Amino acid sequence: MTNKFQNPSSKQKKMQELLADSEHPRQEKTLVLIKPDAVKRGLVGEILKRFENRGLKIIGLKLVHGNKKDFDRHYPRSKEWIANLGKRTIETYKKYDYSLKNDFGSENPFKIGKIFRNWLIDFMASGPIAKVLIEGVHAVDVVRKITGDTQPHFALTGTIRGDFSVDSAGSANKDKRAVHNLIHASGNKEEARNEIMLWFEPDEVCDYKRAEESI
Ligand code: IDP
Ligand code: MG
């Protein structure tokens, strides 16, 4: 894949135009990746149902088996993002009095984040995922709410992660693997824009009205 922002092809320009309409909250778009753990557990339909029931519109949908390069592009490489990933786990370790030194050989958030990022890439490439493009009122925030906390054992009942998974950072780190939390959902509008550009081509996006939009 080329860098879609610096040298956009005509297809990519079309995608940028499509994303540029997101001025009205109703047209906000976000990306969901249904992770390999959810696909293998047959939860694709259940997860899609939750977004549809809430009134969000699915405008792109496909099952794909990504490779490690795809996910290396998907998860940011910036020092800040990686260190943040580490920081959150350090907080959990403090809460439960676990030893960072035992599990990671370091207490440095960047070093810890880098270790997870590799686990995460391996996990995401381990099986098929469903890529889902979702549109609707404040889609980014609403989808994150329906998704629930990153660590399923903290996620509230009623959220996807809270209803169908019980993994935790402590448990995953002891097993040297990513937290199995069923879905990825863009964290903010900028993340959503970058991720949609990475995963979708213009001819994979469907423009239509949900029935209630015509009433
Ligand atoms: P998010 O998916 O809720 O946005 P992020 O902080 O962006 O959470 O983390 C990306 C992914 O990294 C998570 O969904 C999870 O699969 C994995 N992850 C986060 N923290 C840990 C950890 O402490 N150990 C292993 N994997 C982790
Ligand atoms: Mg995230």
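The values are calculated or read from the model by the stated rules, or taken from the named source; none is laboratory data. Source: prediction; values computed, not measured. Cβ placement follows ideal geometry from the backbone for every residue including glycine, while neighbour counts extend to all protein chains displayed. Just the protein is used for accessible areas: all its heavy atoms, side chains included, with ligands, DNA and RNA removed. Shrake-Rupley method; radii C 1.70, N 1.55, O 1.52, S 1.80 Å.
Once both labels are positioned 7 Å from their Cα atoms along Cα-to-Cβ, the gap between E213 and K11 label points is 2.4 nm. Here the chain exposes an accessible surface that is 50 percent carbon and sulfur, computed with a 1.4 Å probe and the other protein chains kept in place.
What is the extension gain from S171 to R77, computed as 0.36 nm multiplied by their sequence separation minus the C-alpha to C-alpha distance, in nm to one decimal?
31.4 nm
In this structure segment 6-76 gives 55 Å² per residue of accessible area when probed at 1.4 Å with all protein chains present. The residues of segment 133-185 have, on average, 41 Å² of accessible surface per residue, using a 1.4 Å probe with all protein chains present. Taking amide H as placed 1.01 Å from N in the peptide plane, the amide H of I183 sits under 5 Å from that of K35, each at least 5 places away or on another chain. Rounded, prolate or oblate: pick one for segment 118-158, where a ≥ b ≥ c are the square roots of the eigenvalues of its C-alpha gyration tensor, a/c under 1.5 means rounded, and failing that, prolate if a/b is larger than b/c, else oblate. Oblate, since a/c reaches 1.5 and b/c is not below a/b. Taking each residue as 0.36 nm, the span from L198 to F154 lengthens on full extension beyond its C-alpha to C-alpha distance by 12.9 nm.
Dipole magnitude for the chain: about 560 debye, using +1 per Lys or Arg Cβ and -1 per Asp or Glu Cβ, origin at the Cα centre.
Per-residue Karplus couplings for segment 163-176, computed as 6.51 cos²θ - 1.76 cosθ + 1.60 with θ equal to phi - 60°, are listed in order as 8, 10, 8, 9, 6, 8, 4, x, 5, 5, 5, 4, 8, 6 Hz, Gly and Pro entered as x. Set the bar at 18 Å for Cα to Cα. Now go through K57/K209; K69/K176; K131/K209 and name every pair that lies beyond it. Violating the 18 Å limit, Cα to Cα: K69/K176; K131/K209.
Projecting the Cα atoms of P109, G162, G127 onto the charge dipole of segment 88-215, computed from C-beta unit charges around the Cα centre, puts P109 farthest toward the positive end. Each peptide in 105-111, 208-214, 74-80 receives the mean, over its residues, of other Cβ atoms within 10 Å, and ordering these scores from highest gives 105-111, 74-80, 208-214. Placing unit charges on the Cβ atoms only, positive for Lys and Arg and negative for Asp and Glu, gives segment 42-129 a dipole magnitude near 260 debye about its Cα centre. Couplings 3J(HN,Hα) for segment 27-41, derived from phi with the Karplus relation 6.51 cos²θ - 1.76 cosθ + 1.60 (θ = phi - 60°), are 9, 5, 10, 9, 10, 10, 10, 7, 6, x, 5, 6, 4, 5, 8 Hz, where x marks Gly and Pro.
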